[in-house]
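The values are calculated or read from the model by the stated rules, or taken from the named source; none is laboratory data. Nothing here was measured: the structure is a model prediction, and the numbers come from that model. Reconstructed Cβ throughout: ideal geometry from the backbone, glycine too, with neighbour counts over all protein chains shown. When the accessible area is computed, the model is the full protein with side chains, heavy atoms only, and any ligands, DNA or RNA have been set aside. Shrake-Rupley method; radii C 1.70, N 1.55, O 1.52, S 1.80 Å.
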Amino acid sequence: MNVLLAGGAGYIGSHTAVELLNSGYNVIIADNYSNSDKKAIDRIEKITDKKVISYTADIIDKIVVSEIFKNNQIDVVIHFAGLKAVGESVKKPLIYYRNNIDTTITLLECMAEYGCKNIVFSSSATVYGEENDIPYVETMKKGTCSNPYGWTKSMMEQILSDASVADSELSVILLRYFNPIGAHESGLIGEDPKGIPNNLMPYISQVAVGRRDHLTIFGNDYPTKDGTCRRDYIHITDLAKGHVKAVEYAAKHKGPEIFNLGTGTPYSVLEIVNAFEKANNIKIKYEFDERRSGDLPEFWANSDKAQRVLDWTATRTLEDMCKDTWNWQKNNPNGYE
Ligand code: NAD
Ligand code: WQD
């Protein structure tokens with residue numbers, strides 16, 4: 001079976017490519033490398049000893065994407081191609097709406113033209129918004145997002161669901177990720193943010209490797225046991241394996257389906273810092289500062305549905321997440337550069 005990974009050279013896409021190749025799927029990656037590096041493709045091939053077909057392509061561009069569908073029989077699309085920096089989305093909302101929504105529409109149009117009936121979409125826990133109780137369950141109504149990035153995810157879920165109403169043959173799998181961290185155990189692929197990291201774990205690992213002086217912890221006055229925010233961190237390999245299960249399911253399913261991919265166990269920012277220090281025997285310098293606008297005190301997943309329907313569950317521990325992050329960062333201090 002041939003799987004097109006739109007945005008597949010990025011952090012989640014590259015790890016998913018490895019798991020798909022190891023499970024016997026053919027992988028085609030199309031990426032404009034706006035937030036990734038072509039070296040990721042070589043590393044995927046090195047880990048798996050298998051070939052990837054890759055295209056430098058802007059997924060917004062229908063002519064370019066049509067060519068990919070014309071030259072390859074695509075059975076399933078996984079749509080990772082999105083801009084994802086929350087703060088940047090507040091400053092440049094139109095760029096986010098243009099990129100994230102138009103890539104989705106182009107993919108759906110090309111799928112319709114070439115008879116591809118299966119799409120798996122990278123959604124986010126952010127669509128639960130501010131109103132819902134924790135843990136989040138798929139049956140809850142979506143909430144109010146605190147930034148344009150979140151709204152693009154919420155809107156794309158709606159667009160994809162509407163497309164599946166119009167075409168009853170279409171299978172739409174919406175995967176709501178919680179907080180993916182870690183790296184492949186080989187240390188050959190991992191998270192390589194451009195510029196200053198927005199997310200916690202890459203910031204910690206860049207402090208550990210000496211690229212940043214200290215971590216700033218945003219707020220220690222939240223109503224949690226140590227005052228810092230709690231999140232559901234999930235190992236990237238567990239998340240990638242969830243995509244393999246979703247692809248299998250998409251091929252035998254019709255209509256829209258939502259799955260949370262998380263562990264169900266939240267950790268605070270301080271617990272993450274302590275776990276990283278303990279797992280890798282490295283001290284992480286940190287300072288407390290004001291809360292970051294838009295952060296919720298805590299949330300985590302109920303992933304029972306993924307376990308029940310997809311036969312998927314996260315198995316890797318926080319220690320694995322911390323060790324694998326450091327293995328990638330210390331072997332690649334400047335990422336793919
Ligand atoms: P990433 O930035 O590493 O990967 C996204 C990839 O898409 C990059 O390789 C980028 O170059 C590519 N891309 C962006 N716009 C494109 C376009 N117009 N044409 C072609 N390629 C394009 O991010 P990631 O962490 O791997 O995230 C993948 C997806 O999962 C994104 O849609 C993101 O919003 C979503 N997601 C990520 C997280 C997370 O914490 N990492 C959480 C929830 C959802
Ligand atoms: C985690 C915790 C911060 C950096 C974001 C998106 C979400 C999803 C995943 C992305 C928070 C704290 C962080 C730092 C800190 N999508 N922190 N200092 O905010 O839960 O989720 O990424 O595509 O939509 O919102 O993740 O890693 O940014 O933050 O104290 O330098 O770490 O305040 O409590 P978040 P995060």
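Quick look at the numbers
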| read-out | value |
| --- | --- |
| Matching residues in the range 259-274 - criterion: being open to solvent by less than 40 Å² (accessible area, probe 1.4 Å) and touching a Ser or Thr at 6+ places or on another chain (Cβ under 8 Å) | Phe259, Asn260, Leu261, Gly262, Gly264, Ser268, Val269, Leu270 |
| Condition met for Asn2 (away from ligand 1 (no atom under 12 Å from the Cβ), surrounded by fewer than 17 Cβ atoms within 10 Å (Cβ to Cβ), polar (S, T, N, Q) and farther than 19 Å from Thr152 by Cβ) | yes |
| Verdict on Ser66 being in contact (Cβ under 8 Å) with a residue 24 or more places away in the chain and within 16 Å of ligand 2 (Cβ to nearest atom) | no |
| Count of residues meeting criterion [open to solvent by 60 Å² or more (accessible area, probe 1.4 Å) and away from ligand 2 (no atom under 16 Å from the Cβ)] in the range 70-90 | 3 |
| Which listed residue is acidic (Asp, Glu), surrounded by fewer than 18 Cβ atoms within 10 Å (Cβ to Cβ), more than 19 Å from Gln206 (Cβ to Cβ) and out of contact with any strand residue (DSSP E or B) (no Cβ under 8 Å at 6 or more places or on another chain), from Glu277, Glu337, Glu248, Glu290 | Glu248 |
| Criterion: in contact with a Lys or Arg (Cβ under 6 Å, 6 or more places away or on another chain), within 15 Å of ligand 1 (Cβ to nearest atom) and closer than 22 Å to Ala17 by Cα - qualifying residue of Ser154, Ser124, Ser171 | Ser124 |
| Count of residues meeting criterion [assigned to a loop (DSSP other than H, G, I, E, B) and small (Gly, Ala, Ser)] in the range 300-315 | 2 |
| Single residue of the range 252-292 satisfying the filter (in a loop (DSSP other than H, G, I, E, B) and free of Cβ contacts under 8 Å to residues at least 12 places away in the same chain) that is nearest to ligand 2 (Cβ to nearest atom) | Lys283 |
| Val76 being more than 10 Å from ligand 1 (Cβ to nearest atom), under 24 Å from Glu185 (Cα atoms) and modelled with pLDDT of 95 or more | no |
| Selection count where residues are more than 13 Å from ligand 1 (Cβ to nearest atom), open to solvent by 10 Å² or more (accessible area, probe 1.4 Å) and assigned to a helix (DSSP H, G or I), scope the range 102-116 | 5 |
| Unmet requirement for Val207, which otherwise passes all of (1) in contact with a helix residue (DSSP H, G or I) (Cβ under 9 Å, 6 or more places away or on another chain); (2) in contact (Cβ under 8 Å) with a residue 24 or more places away in the chain; (3) crowded, with 19+ Cβ neighbours inside 10 Å | (1) |
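Yes or no, residue by residue, for (1) buried (at least 18 other Cβ atoms within 10 Å of the Cβ); (2) of a type in the set (A, V, I, L, M):
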| residue | (1), (2) |
| --- | --- |
| Ala17 | yes, yes |
| Lys38 | no, no |
| Asp42 | no, no |
| Ile47 | yes, yes |
| Lys62 | no, no |
| Ile68 | yes, yes |
| Lys92 | no, no |
| Asn100 | yes, no |
| Asn118 | yes, no |
